[in-house]
1. Is it the case that some residue within region 29-43 is at positive phi, at pLDDT 90 or above and of a type in the set (Gly, Ala, Ser)?
2. Based on this model, can you work out whether GLU54 counts as modelled with pLDDT under 90 and not in a loop (DSSP other than H, G, I, E, B)?
3. Within region 4-29, how many residues turn out to be surrounded by 13 or more Cβ atoms within 10 Å (Cβ to Cβ), without any contact (Cβ under 8 Å) to a residue 24 or more places away in the chain and either of a type in the set (A, V, I, L, M) or closer than 17 Å to LEU69 by Cβ (or both)?
4. Take the conditions exposed (fewer than 11 other Cβ atoms within 10 Å of the Cβ), out of contact with any Asp or Glu (no Cβ under 9 Å at 6 or more places or on another chain), in a loop (DSSP other than H, G, I, E, B) and at pLDDT below 95 and apply them to GLU49. Does it pass?
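The values are calculated or read from the model by the stated rules, or taken from the named source; none is laboratory data. Computed from a predicted model, the values in this text were never measured in an experiment. No Cβ is skipped: glycine too gets one built from the backbone with ideal geometry, and neighbour counts run over all protein chains shown.
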Amino acid sequence: MRDGINLERAGVPAIVISHNVFEKAAKAQATALGVADLRILVYSQPKGEEEEVEGAKSAQYISSQLITLLEDTIH
């Protein structure tokens with residue numbers, strides 16, 4: 001969070017990736033520190049072991065969303 005906030009304050013576009021259990025805290029911290037429009041990619045914390053399919057699906061989702069946010073930043 002702090003890295004993303006510091007980058008945004010320095011004029012460098014940033015995207016923070018957060019588990020859904022920390023979404024409210026992440027948004028509250030960004031707002032409290034003056035960067036309410038910080039882009040936060042929120043995803044559900046995968047259940048089970050890393051080797052299970054849900055972890056791979058989560059990684060694919062995050063990658064896809066991150067690419068979309070980065071493309072939006074460029075345009």
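1. Filtering region 29-43 for residues at positive phi gives 34.
Still in the list and also at pLDDT 90 or above: 34.
Retained after the next criterion (residues that are of a type in the set (Gly, Ala, Ser)): 34.
Looking through region 29-43, at least one residue is at positive phi, at pLDDT 90 or above and of a type in the set (Gly, Ala, Ser).
2. On the way: modelled with pLDDT under 90: yes; not in a loop (DSSP other than H, G, I, E, B): yes.
Judged against the criteria, GLU54 is a match.
3. 3
4. Details: exposed (fewer than 11 other Cβ atoms within 10 Å of the Cβ): yes; out of contact with any Asp or Glu (no Cβ under 9 Å at 6 or more places or on another chain): yes; in a loop (DSSP other than H, G, I, E, B): yes; at pLDDT below 95: yes.
Yes, satisfied.
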